Amino acid sequence: MLKSISLVILSFSLLATANAVANPLALFVEQCLQYQPKLTSLSQNDSLSPAHQAVEFEKNTLALNNINDRIQYYRPFATDSLSKQGLLWCQLHLADELYMLTQATQTQALIDVLQTEPAPYKQLSERLLTVKQNQWDIEQKSKLHSAQASVNQALSQRQLQMQFNDEQCVLPQATPQTDTNNIDIHIAQYLIKQNDENCRKQAWFAYQTRAKHKIKSAISYIQQLQQQRALTLGYQNTAEYVLATHGLNADLLSQFLNDQTEQLDIAPWNIARALSQTAKPEAIEAVSAQAYLLQLLSNLAPLGLRVELLADKTTAEQQTNKQSTDDAPTISIIRLWHKQRLLGELYTYPLAQDALSKRINAQLIKQSVIGHQFGQYSITYPKTLNSQKQQQKLIEALSQAIVSLAQGSQYYLLANKTQNSQQYAIASLWLSQYLRSSLHFAPLSSRAQLALHYQTQMRVFRTKVALHFYQFTGDIDNTEWLSHNAKLSAEFANSFGQPWPQATDVIYSYQAIANQGISDYLPLWQQALMQLITQQGNDRLSNSAIFDLLMINETYSPLHDQLEQLIGAPIDPHSLIWRFKHAGTMQE
């Protein structure tokens with residue numbers, strides 16, 4: 001198997017070399033596939049102090065982390081199949097290199113020697129150990145990723161047709177059709193246009209199981225691989241293992257999810273019609289996205305942030321062709337400072353107003369690592385913001401960028417959001433809330449409130465399903481798994497007011513069951529934590545102090561210590577769940 005992979009990489013490498021001059025992305029892939037980190041400097045000099053060993057390790061592994069970040073940055077630019085395949089092989093190559101790196105004797109020796117050192121070395125040791133423990137065997141990891149890819153591909157398929165046994169459920173067509181019950185129509189459009197609720201229900205259930213026959217074996221295999229890993233690590237099932245890494249257990253998560261459950265009384269097959277019948281958000285006056293961004297940045301001044309505009313120019317190609325700047329994208333480089341410290345640079349790309357540029361996208365280019373490199377982050381957005389939703393999306397993108405730039409550390413593993421996901425998410429949510437509170441936003445429309453409520457309850461229900469699924473240790477084809485239908489159907493009704501008799505089928509309906517698994521509950525947990533910090537944090541600290549603690553974190557405090565300073569003890573999971581439920585109704 002490994003030989004065949006090597007041959008594929010070699011063949012791509014040769015092709016990439018031929019096209020490198022014409023295609024910079026091919027050159028990047030070529031360099032990526034040749035990259036191999038070395039730890040020889042650590043093994044050759046045993047007299048280095050622990051601090052110097054940590055610095056040497058960072059020097060020798062920073063390129064690997066930078067290349068991995070750059071893969072994510074380049075993904076939107078990979079439009080042809082060869083480029084997409086090249087980035088995939090690049091990612092797999094780096095994953096294998098990381099595995100070999102974590103298994104190296106030099107890495108284990110560094111973990112051991114840093115364990116007894118003060119901050120940040122002890123934290124680096126703990127993070128390295130976590131990364132090492134989270135590594136899968138290369139062969140098992142390959143099998144897992146292949147199964148996940150099968151699920152993602154099948155569920156991403158958009159060319160669908162619906163066939164009805166009941167002709168009453170077939171919508172009349174605007175144009176003559178052949179004699180068939182198949183209709184090529186988007187599921188949401190069908191659910192809006194179909195007056196018969198029973199037909200809508202049939203269509204919705206059918207849509208949830210649209211890929212069941214394609215992904216059933218892959219879903220089952222993912223569960224088996226995860227279960228084998230949990231057993232190897234000394235846990236009874238996958239749920240127990242994953243939740244233990246977050247300080248939770250199944251009972252605590254169930255309690256949290258039950259507290260998050262609210263009766264919506266609108267079934268999923270009726271939500272499209274319900275939304276279409278609510279009032280649209282009131283129109284707002286369109287604003288320049290660039291001006292709005294600068295306004296947001298100026299509102300961060302009380303937190304000790306200031307900006308320096310380095311450039312505002314058209315791209316080189318447009319300059320050469322002398323195209324009109326009205327339609328040409330411009331690149332602004334904004335240098336971001338916190339007090340006297342340079343955090344990094346923000347690259348903003350306001351694009352021409354067309355159907356392809358209405359989305360707002362934020363992407364890390366390079367992680368801040370103090371003493372090694374300044375951070376870089378990019379934000380792409382339309383030139384004009386025409387809705388409050390777009391304004392909020394830009395706030396979220398800017399918050400993510402600032403948190404990434406501000407959470408600089410001497411070591412990549414202590415700063416990057418992949419290894420620092422909980423703190424990163426909570427900090428981004430808090431900063432987004434801070435920025436929203438500094439501006440005038442109209443209350444959410446009834447349509448937006450209903451959509452948000454529905455999305456939340458769907459995540460709650462799916463997490464309940466994931467908890468059952470990853471506690472289950474048998475074969476999903478047997479009656480033991482199907483016996484969960486009654487319990488899960490009742491949970492579905494608790495959120496949406498009607499049962500789902502075959503609710504175990506939900507495992508075939510969404511990608512997160514294969515990718516995030518039980519961890520899909522984390523956005524709910526992080527949102528609850530952010531609300532608790534917003535409600536109680538200012539009783540103890542100023543906004544500026546909260547920013548310094550959550551984003552800058554010069555003392556490398558773990559999340560537990562940060563929360564203790566922000567909201568006070570107790571902050572064990574059981575107490576937090578109680579506080580989530582009661583913080584808005586009573587003083588503690």
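The values are calculated or read from the model by the stated rules, or taken from the named source; none is laboratory data. None of the values given here were measured: they were computed from a predicted structure. Cβ coordinates were reconstructed from backbone atoms using ideal geometry, including for glycine residues, and neighbour counts include every protein chain displayed. These area figures cover heavy atoms from the full protein model, side chains too; ligands, DNA and RNA do not enter into them. Shrake-Rupley method; radii C 1.70, N 1.55, O 1.52, S 1.80 Å.
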Log entry, pairs with first residue in segment 364-392 being more than 27 Å from Asn420 (Cα to Cα) and β-branched (Val, Ile, Thr), second being surrounded by fewer than 20 Cβ atoms within 10 Å (Cβ to Cβ) and modelled with pLDDT under 95, beta carbons closer than 9 Å, six or more apart or on different chains, reads Thr384/Ala286; Thr384/Val287; Thr384/Ser288; Thr384/Gln353
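Residues are listed down the side, and each one gets a yes or a no for (1) open to solvent by 30 Å² or more (accessible area, probe 1.4 Å); (2) free of Cβ contacts under 8 Å to residues at least 60 places away in the same chain; (3) among the β-branched types (Val, Ile, Thr):
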{"position": "Leu488", "(1), (2), (3)": "no, yes, no"}
{"position": "Ser495", "(1), (2), (3)": "no, no, no"}
{"position": "Gln498", "(1), (2), (3)": "yes, no, no"}
{"position": "Pro501", "(1), (2), (3)": "yes, yes, no"}
{"position": "Gln511", "(1), (2), (3)": "yes, no, no"}
{"position": "Leu529", "(1), (2), (3)": "no, no, no"}
{"position": "Ile552", "(1), (2), (3)": "no, no, yes"}
{"position": "Thr555", "(1), (2), (3)": "yes, no, yes"}
{"position": "Leu559", "(1), (2), (3)": "yes, no, no"}
Of the residues Ala239, Ala244, Ala230, Ala272, which single one is open to solvent by 40 Å² or more (accessible area, probe 1.4 Å) and either farther than 30 Å from Ser146 by Cα or among the aliphatic types (A, V, I, L, M) (or both)?
-> Ala244
Which residue pairs have Cβ atoms under 6 Å apart, sit 6 or more places apart or on different chains, and have a first residue in segment 462-479 that is of a type in the set (Lys, Arg) and a second that is open to solvent by less than 50 Å² (accessible area, probe 1.4 Å)?
-> Lys464/Leu257; Lys464/Glu491
If you go through segment 54-66 one residue at a time, do you hit one that is open to solvent by 40 Å² or more (accessible area, probe 1.4 Å), over 28 Å from Ile379 (Cα atoms), in contact with a helix residue (DSSP H, G or I) (Cβ under 6 Å, 6 or more places away or on another chain) and at pLDDT 80 or above?
-> yes
Residue satisfying condition, being at pLDDT 95 or above and not polar (S, T, N, Q), within set Leu257, Leu264, Leu191 | Leu257
How about segment 249-260: which of its residues are over 13 Å from Phe580 (Cβ atoms) and either open to solvent by 70 Å² or more (accessible area, probe 1.4 Å) or not small (Gly, Ala, Ser) (or both)?
-> Asn249, Asp251
Which helices (runs of 4 or more DSSP H) sit wholly inside segment 102-174 and have at least 1 residues that are surrounded by fewer than 17 Cβ atoms within 10 Å (Cβ to Cβ) and more than 30 Å from the chain's Cα centre (by Cα)?
-> 105-114
Does Asn478 satisfy the condition of being at pLDDT below 95 and open to solvent by 40 Å² or more (accessible area, probe 1.4 Å)?
-> yes
Any helices (runs of 4 or more DSSP H) falling wholly within segment 200-277 and containing at least 3 residues that are in contact (Cβ under 8 Å) with a residue 24 or more places away in the chain and of a type in the set (Gly, Ala, Ser) = 268-276
Which residues, taken from segment 428-438, are aromatic (Phe, Trp, Tyr) and buried (at least 23 other Cβ atoms within 10 Å of the Cβ)?
-> Trp430
Could you check Ser83 against (1) open to solvent by less than 50 Å² (accessible area, probe 1.4 Å); (2) among the polar types (S, T, N, Q); (3) closer than 30 Å to His52 by Cα and say which number it fails?
-> (3)
State all residues of segment 188-227 that are over 22 Å from Trp481 (Cα atoms) and open to solvent by 50 Å² or more (accessible area, probe 1.4 Å); if no residue qualifies, say none.
-> Gln189, Ile192, Lys193, Asn195, Asp196, Glu197, Asn198, Lys201, Gln202
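Yes or no, residue by residue, for (1) in a loop (DSSP other than H, G, I, E, B); (2) open to solvent by less than 30 Å² (accessible area, probe 1.4 Å); (3) under 16 Å from Ala427 (Cα atoms); (4) not hydrophobic (A, V, I, L, M, F, W, C):
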{"residue": "Glu345", "(1), (2), (3), (4)": "no, no, no, yes"}
{"residue": "Tyr349", "(1), (2), (3), (4)": "no, no, no, yes"}
{"residue": "Ile365", "(1), (2), (3), (4)": "no, yes, no, no"}
{"residue": "Tyr377", "(1), (2), (3), (4)": "no, yes, no, yes"}
{"residue": "Tyr381", "(1), (2), (3), (4)": "no, yes, no, yes"}
{"residue": "Lys389", "(1), (2), (3), (4)": "no, no, no, yes"}
{"residue": "Glu396", "(1), (2), (3), (4)": "no, no, yes, yes"}
{"residue": "Gln400", "(1), (2), (3), (4)": "no, no, yes, yes"}
{"residue": "Val403", "(1), (2), (3), (4)": "no, yes, yes, no"}
State all residues of segment 67-80 that are assigned to a loop (DSSP other than H, G, I, E, B) and either open to solvent by 30 Å² or more (accessible area, probe 1.4 Å) or among the polar types (S, T, N, Q) (or both); if no residue qualifies, say none.
-> Thr79, Asp80
Hits in segment 413-427 (condition: in a helix (DSSP H, G or I) and either closer than 18 Å to Thr245 by Cα or open to solvent by 10 Å² or more (accessible area, probe 1.4 Å) (or both)) = Leu413, Leu414, Ser421, Gln422, Gln423, Tyr424, Ala425, Ile426
Of the residues that make up segment 457-467, is at least one open to solvent by 20 Å² or more (accessible area, probe 1.4 Å), of a type in the set (S, T, N, Q) and either modelled with pLDDT of 90 or more or not in a helix (DSSP H, G or I) (or both)?
-> no
